[in-house]
Amino acid sequence: MSRRPENLIYAENERPPLPVLALLGVQHIMLMSSSLVLPVVLVSEIGGSFDQVRGVVALTMVACGIGTIGQALRARGFGSGFLCPNLCGPNFFGVSMSAAWLGGLPLMRGMTIAAGLIEAIFARLIHRLGFLFPPEITGLVVLMVGESLVPLSASKFMGISFPDEPISGLGLAVAAGTLAIMIAINVWARGKLRLYGVLVGMVAGYALSLATGMVGAEQLAQLGRSPWVAVPWMEGMFQLSIRWSLLPAFLIASITGALKTMGNLTMCEKINDADWKTPDLNSMGNGLLADSAAVAVSGLIGGMASDTSASNVALSSASGATSRYIGFAAGGLFMLLGFSPKISGLLSVMPAPVMGAILVFVTAFMLMSGLQIILGSGIDARKTFAIGIALIFGFSLDMLPGLYAGITGWLRPLFDSSLTFSTVIAVLLNQLLRTRPARGPTVAAR
């Protein structure tokens, strides 16, 4: 039986009043929309039309809404029962782009379905793999999920899109102002105002961006031309194809996504139970199955692969509202917005400084939660080496990516993600250091 943490305003099974539920749902969908730029970039890069871009974005939103609702369910064998929203999965972007270049959107959709099936198999096996993921390993996964957000968070906050680009003073001022508002509400606000810290900061950030010209005239013109209501549709949206040569890359992406979801669900458990010690593997397996279904649905209906959102989990911790009913509200609203090109377009053009401020805010919670889980399990020599060495090489992959440029072949996908790389190292070292060296025969004293 879990013990309710004192800092929660609405715990996992508590239903907020309808107006509060709606506002909290809107706050989460604003953050869920931060990755909608990914399908825009992907379809544009392969020469897709504006209608195709709009269609893939809308269908991705529908799939993410379905995944968010599925994760909040607590059905037998399906759904974790936590507020763990879905968004367009960044870890699938690279392999999805490769598939789209080779075989267009039909190949991307077919391989996305395959990735969902791979995760479903992993979900059914996770209860047998529990010995591989003690608390210190799950803490490492949570920490590395947060670390993976750092480059995007810092670059958006500083207004930088590529190396050597000068820092945008205006963008930095907007980002700093937005972040300051969110921090002030979270630290000093009393009562239920803390629930809406990110939403208030986001509205202020949009206002500052419009006042300073950070939102371009072309973006506003496109929004003006978009209809209020339209059924998500594009020609050939149900065409599928498979290429077996891409399966290893999608397998790695799928396992990486599953590890990220494990980290997110671990954090969900921790922030909802003041006495949390170790992950509930049954709940974890059910959550992974819901996530795998969301990925497969993304491919079936024509969107990009979805994934659980570390940012939204951290937001629920920061706001003190972890009710799974917020997941139902956010998922339903996100699906409905997929039928409104004008509103979904507004979400997909979130100014970079506002996005950066939100990501910095929620990444801080994610990093500290990972550290708390690692340190809370107690540190000994074995854990020091297993976790410390994994962190060293995981960080090195992000800090010095050229160091591993010479690695090719079937091992290459392992070095495409610091989360996957560090987790594999930690699991192997943890198992190796658990084994005791065999003692030689003793000689009896005469």
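Straight-line reach from Lys383: taking Cα to Cα under 13 Å and skipping same-chain neighbours fewer than 8 places apart, the aspartates and glutamates in range are Glu136. Here's the picture: charge each Lys and Arg Cβ at +1 and each Asp and Glu Cβ at -1 in the chain, and of Gly130, Gly25, Ile66 the one pushed furthest to the positive end of that dipole is Gly130.
Note on Leu432 and Met368: their simple-model spin labels are 3.5 nm apart, each label 7 Å out from Cα toward Cβ.
With r defined as the distance between the Cβ atoms of Arg190 and Ser396 and R0 fixed at 45 Å, what FRET efficiency is calculated, to the nearest 0.05? In this case the efficiency is close to 0.55.
Please identify the longest segment of the chain free of exposed chymotrypsin sites (Phe, Trp or Tyr not before Pro), where exposed means a DSSP state other than H, G, I, E or B and no more than 15 other Cβ atoms within 10 Å. So the longest stretch without any such site is 1-227. Along the chain, counting only GluC sites (Glu not before Pro) with a DSSP assignment other than H, G, I, E or B and at most 11 other Cβ atoms inside a 10 Å radius, the longest segment between sites is 7-234. Can you give the local net charge around Ala115? Use residues other than it whose beta-carbon is closer than 14 angstrom to its beta-carbon, Lys and Arg +1, Asp and Glu -1. Cβ neighbours under 14 Å give a net charge of 0.
Considering Cα pairs under 8 angstrom that are at least six residues apart, work out the relative contact order of the chain and quote it in whole percent. Walk me through the intermediate numbers first.
Numbers: 783 pairs, mean separation 157.2, N = 446.
It rounds to 35 percent for the chain.
A crude spin-label estimate for the pair Glu235 and Ser49, with each label 7 Å from Cα along the Cβ direction, gives 0.5 nm.
Under the criterion of Cα pairs below 8 Å and six or more residues apart, the relative contact order for the stretch 216-318 equals 28 percent. Carbon-plus-sulfur accessible fraction, the chain (probe radius 1.4 Å, protein heavy atoms only): 68%.
Before I look further, what does the stretch 195-294 give for accessible area per residue, probe 1.4 Å, in whole square angstrom? Please report the intermediate quantities before stating the final value.
Details: 4630 Å² over 100 residues.
Heavy-atom accessible area per residue stands at 46 Å².
Dipole orientation for the stretch 200-285: of the candidates Leu281, Gly213, Met262, Gly213 has the Cα lying most toward the positive pole (charges on Cβ; Lys, Arg +1; Asp, Glu -1). Rounded to the nearest 20 debye, the dipole size of the chain about its Cα centre is 1120 debye, using +1 on the Cβ of Lys and Arg and -1 on the Cβ of Asp and Glu. Classify the stretch 173-232 as rounded, prolate or oblate, taking a ≥ b ≥ c as the square roots of the eigenvalues of its Cα gyration tensor: rounded when a/c is under 1.5, otherwise prolate if a/b is larger than b/c and oblate if not. In terms of gyration-tensor shape, oblate. A DSSP coil position with no more than 13 other Cβ atoms inside 10 Å describes the following trypsin sites (Lys or Arg not before Pro) in the stretch 168-259: Arg190.
Please find, in a Gaussian network model of the chain (springs between Cα atoms separated by less than 10 Å), the residue of Ser34, Ser319, Ser49 whose mean-square fluctuation is greatest. Of Ser34, Ser319, Ser49, the Gaussian network model singles out Ser49 as fluctuating most. Only DSSP H runs of four or more residues enter the estimate; each adds -39500 (n - 2.57), and after division by the residues of the chain the mean residue ellipticity at 222 nm equals -21500 deg cm²/dmol. With the dipole of the chain worked out from charges on the C-beta (+1 for Lys and Arg, -1 for Asp and Glu) around the Cα centre, which of Ile271, Thr363, Pro166 lies farthest toward the positive end? The Cα lying farthest towards the positive end belongs to Ile271.
Relative to the Cα centre, the charge distribution of the stretch 32-155, modelled as +1 at Lys and Arg Cβ and -1 at Asp and Glu Cβ, gives a dipole magnitude of about 440 debye. Against the chain, whose longest principal axis is taken from its Cα atoms, helix 381-399 shows a tilt of about 40°.
Calculated FRET efficiency, Arg4 and Leu247, Cβ-Cβ r, R0 35 Å, to nearest 0.05? Efficiency computed from Cβ-Cβ geometry: 0.20. Taking the centroid of alpha carbons for each part, the stretch 362-435 and the stretch 124-175 are 14 Å apart. Taking every C-alpha pair closer than 8 Å and separated by at least 6 residues, the mean separation divided by the residue count of the stretch 310-412 gives a relative contact order of 36 percent.
When a/c is below 1.5 the answer is rounded, else prolate if a/b is larger than b/c, else oblate, so apply that to the stretch 18-144 with a ≥ b ≥ c taken from the square roots of the Cα gyration tensor eigenvalues.
On the way: a/c = 2.00, a/b = 1.27, b/c = 1.57.
Oblate, because a/c is 1.5 or more while a/b does not exceed b/c.
Using a cut-off of 12 Å between beta-carbons, work out the net charge of the residues near Ala310 (Lys and Arg +1, Asp and Glu -1, Ala310 not included). Mind dumping the intermediate values first?
Details: positive: Lys260; negative: Glu147, Asp307.
With Lys, Arg at +1 and Asp, Glu at -1, the neighbours total -1.
The values are calculated or read from the model by the stated rules, or taken from the named source; none is laboratory data. This structure is a prediction, so every number in the text was calculated from the model and none was measured. We place every Cβ from the backbone using ideal geometry, glycine too, and count neighbours over all the protein chains shown. Calculation scope for accessible area: heavy atoms of the full protein, side chains included, ligands and nucleic acids excluded. Shrake-Rupley method; radii C 1.70, N 1.55, O 1.52, S 1.80 Å.
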